[in-house]
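For reference, the structure discussed in these notes is given below.
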Amino acid sequence: MPSAAAAFHRRIDDALADTRVRAALASTMTRLTNGRAGALASLEASDAIRDQARRIRAHTIAHLDTYLDQFARNADARGCRIHWAPTATDATRIIVEIARAEDISLAVKSKSMVTEEIELNAALGAAGIRVVETDLGEFVVQVGDDRPSHIIAPIVHRRREDVARLFQEKLGARPEEVADVAAITAFARRLLRRDFLQAGMGISGVNLAVADSGSFCLVTNEGNGRLSTTLPRVHVAVMGLERIVPNAADLGIVLQLLARSATGQALSVYTNIISGPRRPANPGAPGAHGAPGAPGAGEPDGPDQLHVVIVDNGRTRMLDGPLAEMLYCIRCGACLNICPVYRHIGGHAYGGVYPGPMGAVVSPGLMGLDQWSELPHASSLCGACKDVCPVRIDLPHLLLTLRAQAADRELGPWWLRLAMPIYAAVATRPALYQWLGSLAARVSQGLARGGWIRHLPGPLAAWTAARDFPAPARRSFLQTYEQRRGRTGNAS
Amino acid sequence: MTGAREQILGAIRDGLRHAVLPDAEADAGAVAAPRAGTAGTVGREKLWQQFTEALTALTGRVHHAASAAEAAGIVAAVAAEHGARTYLSWDGDQLGCDGILEELASRGLARVTYDLPFDGERRAAEVAALGDVVLGLTGSDAAIAEAGAIVLASGPGRGRLASLLPPVHVAIVSASRIWPSLPALLADAPELVGRGANTVVIAGPSRTADIEMTLTHGVHGPKYLHVVVMP
């Protein structure tokens, strides 16, 4: 779809023109990448642990129907209410219905990519329910009417001065309240604390669920994930249906890699494992499903209602075929941090909710190639993403698979669709290939100045718009080979 | 919701027929247990040393106490440092340090108790009343050496807010309950995951680096974390 492609290229041009963002990206990505490398180096047998984590994820996805059902049944037995959402619309409708039934006017939200994906904030807002993002980065995104540009560091594209100005303009902060990062953080804490106290509903994602215990875990550093799931009387957890491991031991292995790969921490500050709502004094009493438990002898705090919304929204479509390996992903962001393309263009250029190499597979995987056929091309296929992936997803292979699918469905530009069959016809006829090759070499020699071609004609101009093309050698490899063989008399 | 459940599980089963899933061994009913050592194979003292280094690097502090009176002295000193007169706490029989609440009372520290109601307005008022409390005291179910982390399972008498709402958190942990890593702990004691409605692993004080990668502590959770190791 040319319009989607044009828009993508325009976003890339905009991103490349923004030198401030590029500088911020370069330094942040370098720090995250170094942090990851150090954290994995300090982990004994990290290669074997990664192999094991991969096997755990592969095994889980291969038996996803069993494990998901097991999780749902066990979570239900612990007092969770399980909801199944085939589409994003189903998910947001379910959550709006819960909010209405409980008469909720304010919800606090912990950072969650799946809720971005289903556009939950817009749906709740349309239903008259105020949603407040409580992760500092996501809060800045919300106040600035912006979009996150990284799945772990949502405002990597913003400078401190941008945040300070935003808080002054939109939230009435005084200059001394935004004087430095510590002051900005304290200001946000004060503001958000009020919302935490008032909110009737807390919304979170799910990093990983545990099938055999019906538990799920949320990983955060700030503590907003804990506040969102402890203070409000209703907690809604939104879960992509693949975010699951079989048991507690598996959870430990995957978590040991998650924070290390994401931020270089051995563990995130808070690994919050939730197994049902607040437990009442007498587990059999009516308190178990929403009414207050008997005072005194039960748990003194925690949500009285816990809803788990299991979201498909294209995941079973991704499972059905060659992209299924992408469902192993644990959303650490390491592939973004290392990717030379992401490092240059940042997250917004990708257009979707999920940027970087993983996003270039997930966006078309979940939503189809029609709108996203350009994304798999935003890669040099250097393989760095595969090298750093904690579960060793073969991202370059998946990107190539998507490119092939796009070509099969004729989603590329017209000249490429025209050119590839011609190339195939030529490349399978050696004599023709050699003749045309030497012709092309002579023509391009004529275009070259000082060994470089600065402007190619026609559609090829797109390539030389930002790069020079090295002039081909005067003699082809085969010509040189034949000549040398003739000289020495053998092929070595 | 049965319709949606069947629809999704059915779509998964259909998808699995064509799914390309490298390294998914068909017979892997159970994935091998982690090969990490347990507390027995590495000396406990060495693990506590590792724990202390890790937590100190995260700006947390580690203390040692031989008795409830000593532990209370440490808590009282931390309280004085932050001007705390009151504190949130787990119940006395959950702290793993018998008599400490009485010791704290004799030092002039008043425990604030609560039980959040379901009703929204009363709930907000009750939490707001806890907003001025500066110190929270908890026990702890386990410690993790490599991460400098402690593990807390919620339950009756084991409120979550004590480790979450006040800016200062003091946790008491038994010296015998240390594991080298989270995988080692969860392989050893998987029941810990579901012991509380909420089991939290805490590795240092609350922090963020969202703005320009500048590390800032105490953004939503406690800014100060003290761990008191008891025999």
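Coordinate-derived values only; no laboratory data. Being a predicted model, the structure only gives us computed values, none of them experimental. Cβ placement follows ideal geometry from the backbone for every residue including glycine, while neighbour counts extend to all protein chains displayed.
Listing for the model above:
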| read-out | value |
| --- | --- |
| Cα principal axis extents for chain A, largest first, Å | 97, 55, 44 |
| Estimated inter-spin distance, residue A:394 and residue A:297, nm [label 7 Å along Cα→Cβ] | 5.9 nm |
| Across chain A: Cys residues that no other cysteine approaches within a C-beta distance under 4.7 Å | A:80, A:217, A:329, A:332, A:339, A:382, A:389 |
| Calculated FRET efficiency for the pair residue B:61/residue B:91, C-beta based, R₀ 35 Å, to 0.05 | 0.90 |
| Packing rank of A:440-449, A:338-347, where each peptide gets the mean count of other beta carbons within 10 Å, highest leading | A:338-347, A:440-449 |
| Residue-averaged beta-carbon neighbours from other chains (10 angstrom radius) around A:19-28 | 1 |
| Simple label model, 7 Å out from Cα along Cβ direction - residue A:47 to residue A:127, nm | 5.1 nm |
| Per-residue mean of C-beta atoms belonging to partner chains within 10 Å, peptide A:137-146 | 1 |
| Rounded to 5, percent antiparallel among DSSP beta bridges of region A:143-265 | 35 percent |
| Residue-averaged beta-carbon neighbours from other chains (10 angstrom radius) around B:183-195 | 6 |
| Calculated FRET value between residue A:409 and residue A:473, using beta carbons and R₀ = 45 Å, to 0.05 | 0.75 |
| Between helix B:68-81 and chain B: long-axis angle, C-alpha atoms, 0 to 90°, nearest 10 | 80 degrees |
| Under 15 Å, Cβ to Cβ, from residue A:10 - net charge with Lys/Arg +1 and Asp/Glu -1 | -3 |
| Global form of region A:377-445, assessed from the alpha-carbon gyration tensor, a/c cut-off 1.5 | prolate |
| Gain upon complete extension [residue A:76, residue A:169; 0.36 nm per residue less C-alpha separation] | 28.9 nm |
| Residues A:422, A:393, B:202, B:144 arranged by fewest to most Cβ contacts within 10 Å | A:422, A:393, B:144, B:202 |
| Kyte-Doolittle mean at least -0.5, axial Cα span of 30 Å or more - DSSP H helices of chain A | A:19-41 |
| Computed lengthening from residue A:464 to residue A:484, 0.36 nm per intervening residue step minus Cα-Cα distance | 3.8 nm |
| Per-pair calculated FRET efficiency, R0 = 35 Å: residue B:132 and residue B:175 via Cβ, rounded to 0.05 | 0.55 |
| Helix-only CD estimate at 222 nm, as mean residue ellipticity for chain A, using -39500 (n - 2.57) per DSSP H run (n ≥ 4) | -15500 deg cm²/dmol |
| Highest average packing first - A:382-390, A:359-367, A:34-42, Cβ atoms within 10 Å | A:359-367, A:382-390, A:34-42 |
| Chain A - percent relative contact order, Cα under 8 Å, separation 6 or more | 18 percent |
| Range of Cα positions in region A:1-130 per principal axis (Å), largest first | 48, 43, 34 |
| Region A:2-47 versus region B:199-225: alpha-carbon centroid distance in Å | 24 Å |
| Amide N of region A:409-445 lying under 11 Å from the label point, which is placed 7 angstrom from the Cα of residue A:4 along Cα→Cβ | A:411-412 |
| Charged-residue dipole, Cβ positions (Lys, Arg, Asp, Glu), region B:40-230 about Cα centre, Debye nearest 20 | 160 debye |
| Inter-site label distance for residue A:436 and residue A:382 at 7 Å from Cα along Cβ, in nm | 3.2 nm |
| Charge dipole (chain A, unit charges on Cβ, about Cα centre) - positive-most of A:208, A:460, A:367 | A:460 |
| Candidate lysines - alpha carbon under 25 Å from residue B:223, same-chain residues fewer than 8 apart omitted | A:109, A:111 |
| Set of aspartates and glutamates near residue A:170 by C-alpha distance (under 20 Å), chain-local residues within fewer than 8 positions excluded | A:133, A:135, A:138, A:145, A:146, A:161, A:162, A:180, A:195, B:210 |
| Cut-off under 5 Å, modelled amide H: who pairs with residue B:207 long-range | A:222, B:218, B:219 |
| Dipole moment magnitude, nearest 20 debye, chain A about Cα centre, only Lys, Arg, Asp, Glu C-beta charged | 1860 debye |
